[in-house]
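See structure below.
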Amino acid sequence: MALRFLADHCISNTIVQTIRDAAHDVVRLTQPAMAHYRGKLLVVEVSRIRIRE
């Protein structure tokens, strides 16, 4: 089963690539970042995560 990881600037590129090589998704976070998750818009900010329909 593939997992989806959210990685901010503190996570090294080597770790991100290792996770991707294991067939998992990695979304790099910027401020703010937006990604779609199961048909919902995921808005990620440094201090909080909100899911909008």
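For this structure, a couple of remarks:
- Take the Cα of F5, step 7 Å toward its Cβ, do the same at D21, and the gap between the two points is 1.2 nm.
- Exposure proxy order (Cβ contacts within 10 Å, fewest to most) of D21, D8: D21, D8
Every read-out reported here was derived from the displayed coordinates using simple, explicitly stated rules and does not represent laboratory data. Quick caveat, the model's predicted, so the values are computed rather than measured. Every residue, glycine as well, gets a Cβ built from its backbone with ideal geometry; the counts of neighbours run over all protein chains shown.
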